[in-house]
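Notes to accompany the following structure.
Each value in this text was obtained by applying a stated rule to the coordinates, not by laboratory testing. Predicted model, so just to flag it, every value in this text is computed and none were measured. Ideal geometry is used to build each Cβ from the backbone, glycine not excepted, and the neighbour counts take in all protein chains shown.
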Amino acid sequence: MTDLITWLAAHGYPIIFLMLLGSGLGVPVPEDVPLIAAGVLADHGGMSVPLAAATCGVFVLARDSIVFTLGYRYGVAVLQNRWARRIVSPERLEQAQGYLEQRGALVVFIGRFVPGFRAAIFFAAGASKVRPAVFIATDAVAALISLPFFVWIGYAFSQNMERIHELVTGYRAVALSVLAVIALVAGWRWWRARKTEAA
């Protein structure tokens, strides 16, 4: 990871932004890597941290909106394209649609933090006709929680890649734990509601 961060920072913001776009469109690179690289580059005299975070946010939201729009306009028909199936497999799409039927906006929020499942959630949100305004607002709020943090890590610890690796690993563990608790609480409340309706 640290070697890729260094390489991205050395090649400037255009490569970082393209990598952000690609990370949600089939390129197997975690989103936090180019975000951290943007922070490292900011420390070396590039953009200010707020501007770097804001610009990265625009690219991330644009990418997520592309995936959502494909699902919204074309639905599962777009998965007949081989390239589209690399972004969202039919199996993951079916799982995501099942989750969205239960808790639409909450699933979109959680999906932002699950790299391997994010594209499927966003595509399924479009295919399930989640309101675009709800999707964009939910995705933006979720991005605000994590995106500036990763840019700041790159800026604050650009001279200590080992520390960056430790912080990212710790963040992922905490984030997954919090999301698991949220998902369990939401699932329990849904089960209780169904049980009450049945009674």
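So for Asp3, Asp139, fewest C-beta neighbours within 10 Å to most, what's the order?
Exposure proxy ranking, most exposed first: Asp3, Asp139.
Could you give each residue of region 19-25 its phi-based ³J(HN,Hα) in whole Hz, using Karplus coefficients 6.51, -1.76, 1.60 with θ = phi - 60°, and x for Gly or Pro?
Karplus values, whole Hz, x for Gly and Pro: 5, 5, 5, x, 4, x, 10.
Lys and Arg at +1, Asp and Glu at -1: add these up for the other residues within a Cβ distance under 12 Å of Val151 and post the number. Display every interim value, and only then the final one.
On the way: positive: none; negative: Glu31, Asp32, Asp43.
For residues surrounding Val151, the net value is -3.
Note down the net charge around Ala37, summing +1 for each Lys or Arg and -1 for each Asp or Glu among other residues with Cβ under 15 Å from its Cβ.
Working: positive: none; negative: Asp3, Glu31, Asp32, Asp43.
My count for the surroundings of Ala37 gives -4.
Across region 142-158, in residue order, what do the Karplus-derived ³J(HN,Hα) couplings come to in whole Hz, using 6.51 cos²θ - 1.76 cosθ + 1.60 with θ = phi - 60° and x for Gly and Pro?
Values, residue by residue: 5, 5, 5, 6, 9, 4, x, 4, 5, 5, 5, 4, x, 6, 6, 10, 4 Hz.
Quick one: length gained pulling Ile145 to Val58 fully straight, 0.36 nm per residue minus the C-alpha distance?
Values: separation 87, 0.36 × 87 = 31.32 nm, distance 1.46 nm.
That works out to 29.9 nm of additional length.
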